[in-house]
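Readers should treat all values here as calculations from the given coordinates under stated rules, not as data from a laboratory. Computed from a predicted structure; not experimentally measured. Using ideal geometry, Cβ is built from the backbone for each residue, glycine included, and neighbour counts are taken over all protein chains shown.
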There are 2 protein chains.
Amino acid sequence: METGDHNMAARRRTNGNTESVDNYLKAILYLGGAEESRVTIKALAGRLSVAPASVTNMLQKLAGSPAPLVEYERHRGVRLSSAGKRRALEVVRHHRLIETFLYQVLDYPIEELHEEAERLEHFISERFEQRIAAKLGNPRIDPHGHSIPTMEGEMPEGERPARESILLADVVGDGTFVIDSISDRDAHSLRSIEACGITPGARLRVRKSASSEGYSVRTGRSSKVFDLSREVARDVRVVRLPK
Amino acid sequence: METGDHNMAARRRTNGNTESVDNYLKAILYLGGAEESRVTIKALAGRLSVAPASVTNMLQKLAGSPAPLVEYERHRGVRLSSAGKRRALEVVRHHRLIETFLYQVLDYPIEELHEEAERLEHFISERFEQRIAAKLGNPRIDPHGHSIPTMEGEMPEGERPARESILLADVVGDGTFVIDSISDRDAHSLRSIEACGITPGARLRVRKSASSEGYSVRTGRSSKVFDLSREVARDVRVVRLPK
DNA sequence: TCCTATAGTTAGGTATACCTAATTTGGAAG
DNA sequence: CTTCCAAATTAGGTATACCTAACTATAGGA
Ligand SMILES: [Mn+2]
Ligand SMILES: [Mn+2]
Ligand SMILES: [Mn+2]
Ligand SMILES: [Mn+2]
C-alpha cells in the first residue's frame with residue numbers, strides 16, 4: 001500500500017505548480033507589460049479577484065521557496081524570476097493553443113474559447129500540447145490575434161499585440177487601420193465584434209461619429225457600416241496604416 | 001469589486017463537484033459492480049490510495065448534504081444515490097470520450113490515454129463533451145472496448161464489458177474467443193497487449209501452454225503466436241465462442 | 001456464547017488557498 | 001518636516017481534503 005503522501009499537496013499538476021500559482025504567474029506577466037515592470041499587490045488582487053492579503057501571502061510563499069518563481073520585496077511589488085517567466089509563458093502557450101484548437105477543430109463560437117481555455121490550460125500534458133500544436137500546423141497566432149509563445153518558452157518575433165498597436169477606443173480622428181487583436185475576456189464584446197466582421201489581420205476604416213459616443217467602422221471590402229460603443233472599442237487593438 | 005467568495009470553495013468545476021468527489025463516485029460505481037452492491041470503506045480506500053479514515057470522512061460529508069450523492073450507513077458501506085450514479089456515469093462518459101478522442105484525433109499511443117483522461121474528465125465543459133462526441137460520430141465504445149454512457153446518463157444496451165465476459169486469466173483449456181475489452185490502467189500491460197494484436201472485437205485463439213504459466217494466443221487471421229504472462233492475461237476480458 | 005481480529009470511526013493535525021479585521025508603512029501633500 | 005492615507009502586511013479564521021494514532025464495533029471462529 002502506498003505511503004499515501006503521493007496524493008497529498010493536493011493540486012500538483014503535470015508540471016509542479018498548482019492552478020492558483022499558474023494564475024498568479026500569468027497575472028504578473030500580463031500586468032508587468034512589455035517592460036516587465038514591478039507589479040503592485042493591489043493590481044494583482046484586482047486582476048485575480050482576490051483580497052490583497054491573499055496576494056501578499058502567496059507572493060511571500062512563492063518568493064521564499066528554494067527555486068523562487070518571483071522576485072518580491074516588501075512594499076515594492078513583484079516581478080517574475082526567469083523560472084517564473086518561463087512557466088507563465090508555458091501556460092499562456094497552453095491557453096492560446098487550446099483556444100486555437102477549440103476554434104478550428106471543435107468549432108467553438110469565439111466568445112466561448114476563453115473560459116474553456118482558462119480552465120484546461122492548467123491540466124493538459126506536454127504531449128497534449130504538442131499534439132494539438134502539430135495538428136494545427138504549429139500556429140503562431142490565436143483566434144484573437146495574440147501570439148502563441150514558442151515551445152522553447154519565448155514570445156516570437158513580431159509579437160502580437162504589437163508594441164505599436166493602440167486601442168480602437170483611443171483612436172482620434174478618422175483613418176484606416178489593420179486590426180491587431182481583440183480581447184478574449186468579454187464574451188458580450190466578442191459577439192458584437194465578430195458580428196461586424198472584425199477579425200485580426202483585416203483592414204478597418206474608422207470614422208469617429210461626432211454625433212454619438214461610438215465609432216463607425218467598415219471592415220475589409222464591405223461597405224456595410226457598423227457602430228461600435230466605446231465599451232466594445234476598448235476591446236479592439238489596431239495599428240494605423242500610413243496614407 | 002467582487003465579494004470574492006465566488007472564488008472560494010476552491011475546486012468547484014463546470015458541474016458542482018470537486019475532482020475528489022467525482023473520483024469517489026466513480027470508484028463506488030466501479031466497485032459496486034453490475035449489482036450495485038454496497039461498497040466497503042476499505043475497498044474504496046484501496047482503490048483511491050487514501051486512508052480509510054479519509055474515506056469515512058468524505059462519505060459522511062457526501063451523505064449528509066441536502067441532496068446526497070451516496071447512501072451511507074455506519075459500518076455497512078456505501079452505494080450511490082440516483083443523483084450520485086448519474087454524476088458518476090457522466091464522469092465515465094467524459095473519461096471514455098476523451099480517451100477515444102485522444103486515440104482517434106490526436107493519435108495518442110493506447111497506453112497513454114488513461115492518465116490524460118483521468119485528469120481532464122473533471123475539467124471539460126458540457127460543450128466540450130458534445131463537440132468531441134459529435135466529431136467522433138457519437139461513439140458507443142472506447143479504444144479499450146468499454147461502453148460509453150449515453151448523454152442521458154445511462155449505460156447503453158449490450159454493455160461492455162459484457163456481463164458474460166471473463167478474464168483471459170480465468171480461461172481453462174483451449175478455445176476461441178472474442179476479445180471483449182482490455183483494462184486501461186496498466187500502461188505496461190497495454191503495450192504487450194497491443195504488440196500481439198489484441199483489439200476489442202477481434203477473435204482470439206487461446207492455448208493454455210501447459211509448460212509455462214502463460215497463455216499462447218493468436219489473433220484474427222494471423223498465424224503468429226504470442227505468449228502472454230498471467231499478469232497481462234488479467235487485463236484482457238474475453239467471451240467464449242461456441243464450437 | 002464469548003473473543004478477538006479486522007473494519008470502521010473519531011480525534012487531532014497538516015497544507016493550500018482563500019477570507020476579514022487590525023495594524024504598519026512609506027511617500028506625496030501640505 | 002510633519003501628517004495622513006492608501007497600500008501593504010500581519011494576525012487570526014474558514015473550508016477542502018488529506019494524514020496518523022487511538023479507539024470501537026461487528027461478525028465469524030472457538
Ligand atoms: Mn487559468
Ligand atoms: Mn486568449
Ligand atoms: Mn479522475
Ligand atoms: Mn478508460
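What per residue convex hull volume, in Å³, do the alpha-carbon atoms of segment A:53-148 yield?
Given the Cα convex hull of segment A:53-148, per-residue volume reads 124 Å³.
In nanometres, what is the gap between the two model label sites at A:Ala67 and A:Arg127, each 7 Å from Cα along Cα-to-Cβ?
Using points 7 Å along Cα→Cβ, the separation is 2.3 nm.
Would you mind ranking B:Ser183, A:Ser181 by Cβ crowding within 10 Å, fewest neighbours first?
The order, fewest Cβ neighbours first, is B:Ser183, A:Ser181.
Contact order normalised by length for segment B:112-243, with contacts defined as Cα pairs under 8 Å and 6 or more residues apart; what percent is it?
25 percent
Pulled fully out, how much extra length does the chain show between A:Ala34 and A:Glu159, if you take 0.36 nm times their separation in residues and subtract their Cα-Cα distance? Each step should come with its number before you reach the end.
Working: separation 125, 0.36 × 125 = 45.00 nm, distance 1.02 nm.
Difference between extended and current length: 44.0 nm.
For segment A:166-240, rounded, prolate or oblate, judged on the Cα gyration tensor with a ≥ b ≥ c (square roots of eigenvalues), a/c < 1.5 rounded, else prolate if a/b > b/c?
Working: a/c = 1.28, a/b = 1.13, b/c = 1.13.
Taking the square roots of the gyration eigenvalues as a ≥ b ≥ c, segment A:166-240 is rounded.
Taking every alpha carbon pair in chain B, what does the distance histogram look like in 10 angstrom bins from 0, in percent?
Binned Cα distances yield the sequence 7, 27, 31, 23, 9, 2, 1, 0.
Given H placed on each backbone N at 1.01 Å, which residues far from A:Glu71 in sequence or on other chains put an amide H within less than 5 Å of it?
A:Arg79, A:Leu80, A:Ser81
Only Cα pairs under 8 Å and at least 6 apart count here; give the relative contact order of segment A:166-240 as a rounded whole percent.
Taking the mean separation of contacting Cα pairs over the length of segment A:166-240, I get 44 percent.
Using a Förster radius of 30 Å, what is the FRET efficiency between B:Asn15 and A:Met151 based on their Cβ-Cβ separation? Nearest 0.05, please.
It comes out at approximately 0.35.
Please report, in debye to the nearest 20, how large the charge dipole of the protein assembly as shown is about its Cα centre when each Lys and Arg carries +1 at its beta carbon and each Asp and Glu carries -1 there.
Using only the charged Cβ atoms, the result is roughly 220 debye.
Rounded, prolate or oblate: which fits segment A:110-229 when a ≥ b ≥ c are the square roots of the eigenvalues of the alpha-carbon gyration tensor, with rounded for a/c under 1.5 and prolate only if a/b beats b/c?
Prolate, because a/c is 1.5 or more and a/b exceeds b/c.
So for chain B, taking the charge dipole from beta-carbon charges (+1 Lys/Arg, -1 Asp/Glu), which of B:Ile98, B:Tyr215, B:Val21 sits furthest toward the positive end?
The Cα lying farthest towards the positive end belongs to B:Tyr215.
Over 27 Å between Cα atoms: which of A:Lys26/A:Lys61; A:Lys26/B:Lys85; B:Lys42/B:Lys208; A:Lys42/B:Lys61; B:Lys26/B:Lys135 fall into that group?
A:Lys26/B:Lys85; B:Lys42/B:Lys208; A:Lys42/B:Lys61
Quick one: compute a quarter of the convex hull surface over the Cα atoms of the protein assembly as shown and quote it in nm².
Its Cα hull, projected and averaged over all orientations, spans 30.0 nm².
Taking the axis that carries chain A onto chain B, what is the nearest Cβ in chain A, and at how many Å, to the whole number?
Nearest Cβ to the rotation axis, residue and whole-Å distance: A:Phe123, 3.
Taking only C-alpha pairs under 8 Å that are 6+ residues apart, what is the relative contact order of chain B in percent? The partial results should precede the final answer.
Details: 372 pairs, mean separation 34.7, N = 243.
Across chain B, relative contact order equals 14 percent.
Ranked by Cβ crowding within 10 angstrom, fewest neighbours first, how are A:Asp174, B:Asp186 ordered?
On the way: A:Asp174 12, B:Asp186 17.
Ascending Cβ contact count within 10 Å gives the list A:Asp174, B:Asp186.
Working out 0.36 nm times the residue gap between B:Ser222 and B:Ala202, then minus their Cα-Cα distance, what length gain in nm do you get to one decimal?
6.1 nm
Sort A:Ser82, A:Ser20 so the one with the fewest other Cβ atoms within 10 Å of its own Cβ comes first.
Fewest to most other Cβ atoms nearby, the residues stand as A:Ser82, A:Ser20.
Helix-only estimate, please: 222 nm mean residue ellipticity of chain A, summing -39500 (n - 2.57) across DSSP H runs of length 4 or more and dividing by its residues, to the nearest 500.
Mean residue ellipticity at 222 nm (helix-derived): -11000 deg cm²/dmol.
Which trypsin sites (Lys or Arg not before Pro) in segment B:179-210 sit in a loop by DSSP (not H, G, I, E or B) and have at most 14 other Cβ atoms within 10 Å of their own Cβ?
Those satisfying the criteria are B:Arg185.
For the pair B:Ser212 and B:Ala187, how long in nm is the line joining their label points, each one 7 Å along Cα→Cβ?
Output for this residue pair reads 2.4 nm.
Can you check what the net charge comes to around A:Arg127, using other residues whose Cβ is under 10 Å from the Cβ of A:Arg127 (Lys, Arg +1; Asp, Glu -1)?
Taking every other residue near A:Arg127 into account, the sum is -4.
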